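Peer 1: Sending over a structure as structure tokens; questions will come in a sec.
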Amino acid sequence: MQAVGLEELTGGAPAGVDEALGLVDGFDAALAGGFGRLGAEQAAALTALAGAFAGSPLGGPAAEAAEKIAAGAVAETHLLTLAGARTALLGSVHDALLARLDGAAGRARADGPDAGGDDVAANLLAGCRSWLAELAIAGWRGVDHDLVSAADQFVEGLLKEPRLRGAAVLLDGLAAELRASSPVATMETVPERRWADLWARGMLLTRAGAAAATAEPVSGRLLVLGADVHEHGTSVQVQVHGVLEAEGADARLVRTSVAASKVDTITGPPMWRLLDAHPTLLKALAERRCLHVTDMALRPGGDLLWDDARARAGEEADPFAVARVQLAEAVAPGVPPLDRHPVRIAEPVFLEGYTVNGTSLELDGRAIGIDLERLPACGPVTPELVQVSSSCVGLVRWDAGTWRLQPLAVRATVRKKAVEACTGDWALGPTDPKALKASARNGDAVGVLRERAGRLLRK
């Protein structure tokens, strides 16, 4: 991304974005109170959301759904319609923002894939929709342990069906958050946007024919740009962004993810050991090598379903060189309909020749915020190193109404010496002396926990 691109990106939100998000906020507030007891203000918010689709194919059904719910006749079909309307509105915001980002980066993007898939486990899906409908009628303030527990049997069934794993994990996560917060009526503040996002996505993922789309097998060379680490108390996920070069096809941007369960005491560099079922991927990250993949499944939205047995580490590949040469030419994947949401924007970019002032990156009189809070403790990219960097491979995100940059790899000059650091450099163990001493002092927490788990299983 050149200076002119940064100027275009930071020139303010596209027209209509603030108004669309205001309509979503009104819907979310009504959902928090419950559709079973709407006041005049909440009913008006549903009517306003439906009004945004006047003249479109969704306009009539959305207006009818808002009218029926406001009158107290809450049916599952009406809830599904409004969930679709809310999702479509956020999808339009996503499209406007992504078009702005693609224009700033000079990036070509493939057409988005069609929605829909196989009709799988219809009875379980119907049960999940019924539970989500009960949540909407009660509202978040009306959620208690009994209502949350009603989802357990349906989620357990969905987890057994691979094609419905996405819906199962989402509903399991929503139920876990609600269970931890119950009774929600005692909470000072409710995460209205987050829970409404999960509710609406759950409604659409559990509709008939919403199973995951079929993936295509691909072979070629995967050039790694960087690794994004998502760490929580009970799980960790590493999402690797890269450029896939396949024979007979244009280079394209892809991402692949691996994950593992964990306990909250495992954090920092030892976290990588939880992912040792993927040694080829970890080796490529730690040694900055490309990956040769053979017949690995690629979903239409650009997600490569990682299979370590179908990959081998290849020659060294400098992520900065890959970003400088390949990013301008690689085709970005189209976004599936249900993934069109502003919070899901995370596009790889390359910046150089900038200066850092506090939490802002400045280039030719333009500035973009740096998301230092996303820097993982399991790698060598630190806020201090970002502060003195001059080149960066990172992800551009839309966060709380503004663009922000999440560094994945940086180049800097420290004590007159050139330094490079990538978030995946410690995938096979830390290389920094201080980090090595800290790991030795803390002991092998992963090994101890595995040994204890094995001992319990043998009893």
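Peer 1: Here's a check for you: in region 347-366, which residue that is in contact with a Phe, Trp or Tyr (Cβ under 9 Å, 6 or more places away or on another chain) and touching a residue at least 40 places away in the same chain (Cβ under 8 Å) is surrounded by the fewest Cβ atoms within 10 Å (Cβ to Cβ)? First the steps, then the outcome.
Peer 2: Of the residues in region 347-366, the ones in contact with a Phe, Trp or Tyr (Cβ under 9 Å, 6 or more places away or on another chain) are 350, 352, 361-364.
Remaining after also requiring touching a residue at least 40 places away in the same chain (Cβ under 8 Å): 350, 352, 361, 363-364.
Numbers: PHE350: 23, GLU352: 16, LEU361: 23, LEU363: 19, ASP364: 11.
Result: ASP364.
Peer 1: I've got another one for you. Determine which single condition ILE370 fails, assuming it passes every other condition in (1) in contact with a strand residue (DSSP E or B) (Cβ under 6 Å, 6 or more places away or on another chain); (2) modelled with pLDDT of 95 or more; (3) within 21 Å of SER219 (Cβ to Cβ).
Peer 2: (3)
Peer 1: Still on this model: Please identify the pairs in which a residue from region 254-272 that is at pLDDT 95 or above has its Cβ atom under 6 Å from the Cβ atom of a residue that is outside any loop (DSSP other than H, G, I, E, B) and surrounded by fewer than 17 Cβ atoms within 10 Å (Cβ to Cβ), counting only partners at least 6 apart or on another chain.
Peer 2: Here the result reads SER257/GLN237, each pair linking region 254-272 to a residue that is outside any loop (DSSP other than H, G, I, E, B) and surrounded by fewer than 17 Cβ atoms within 10 Å (Cβ to Cβ).
Peer 1: Based on this model, can you work out whether ALA377 counts as surrounded by fewer than 17 Cβ atoms within 10 Å (Cβ to Cβ) and under 20 Å from the mean Cα position of the chain (by Cα)?
Peer 2: Details: surrounded by fewer than 17 Cβ atoms within 10 Å (Cβ to Cβ): yes; under 20 Å from the mean Cα position of the chain (by Cα): yes.
For ALA377, the condition - surrounded by fewer than 17 Cβ atoms within 10 Å (Cβ to Cβ) and under 20 Å from the mean Cα position of the chain (by Cα) - is met.
Peer 1: Name, by its number, the condition in (1) without any contact (Cβ under 8 Å) to a residue 60 or more places away in the chain; (2) surrounded by 18 or more Cβ atoms within 10 Å (Cβ to Cβ); (3) not hydrophobic (A, V, I, L, M, F, W, C) that does not hold for ASP399.
Peer 2: (2)
Peer 1: Next question, about the same structure. If you go through region 192-202 one residue at a time, do you hit one that is within 23 Å of the chain's Cα centre (by Cα), surrounded by 21 or more Cβ atoms within 10 Å (Cβ to Cβ) and modelled with pLDDT under 95?
Peer 2: No, region 192-202 contains no residue that is within 23 Å of the chain's Cα centre (by Cα), surrounded by 21 or more Cβ atoms within 10 Å (Cβ to Cβ) and modelled with pLDDT under 95.
Peer 1: Tell me, which helices (runs of 4 or more DSSP H) wholly within region 15-98 include 1 or more residues that are in contact (Cβ under 8 Å) with a residue 40 or more places away in the chain and within 24 Å of the chain's Cα centre (by Cα)?
Peer 2: Details: elements: 17-33, 40-51, 59-70.
Counting at least 1 such residues, we get 17-33.
Peer 1: Return the residue satisfying two criteria in turn: it lies in region 1-14 and is assigned to a helix (DSSP H, G or I) and aliphatic (A, V, I, L, M), and of such residues it is modelled with the highest pLDDT.
Peer 2: The extreme case among them is LEU9.
Peer 1: Tell me yes or no: at least one residue of region 128-146 is at pLDDT 90 or above and of a type in the set (Val, Ile, Thr). I'd like the intermediate steps shown before the answer.
Peer 2: Step one: list which residues in region 128-146 are at pLDDT 90 or above, which gives 128-146.
This time we only want the ones that are of a type in the set (Val, Ile, Thr), so: 137, 143.
Yes, some residue in region 128-146 is at pLDDT 90 or above and of a type in the set (Val, Ile, Thr).
Yes/no matrix, rows are residues, columns are (1) out of contact with any strand residue (DSSP E or B) (no Cβ under 6 Å at 6 or more places or on another chain); (2) surrounded by fewer than 17 Cβ atoms within 10 Å (Cβ to Cβ); (3) at pLDDT below 95:
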{"position": "GLY60", "(1), (2), (3)": "yes, yes, no"}
{"position": "GLU67", "(1), (2), (3)": "yes, yes, no"}
{"position": "ALA73", "(1), (2), (3)": "yes, yes, yes"}
{"position": "HIS78", "(1), (2), (3)": "yes, no, no"}
{"position": "SER92", "(1), (2), (3)": "yes, yes, no"}
{"position": "GLY106", "(1), (2), (3)": "yes, yes, yes"}
{"position": "ASP111", "(1), (2), (3)": "yes, yes, yes"}
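The values are calculated or read from the model by the stated rules, or taken from the named source; none is laboratory data. This is a predicted model, so every value here is computed, not measured. Methodologically, a virtual Cβ is constructed for each residue, glycine included, from the backbone with ideal geometry; neighbour enumeration extends over all protein chains shown.
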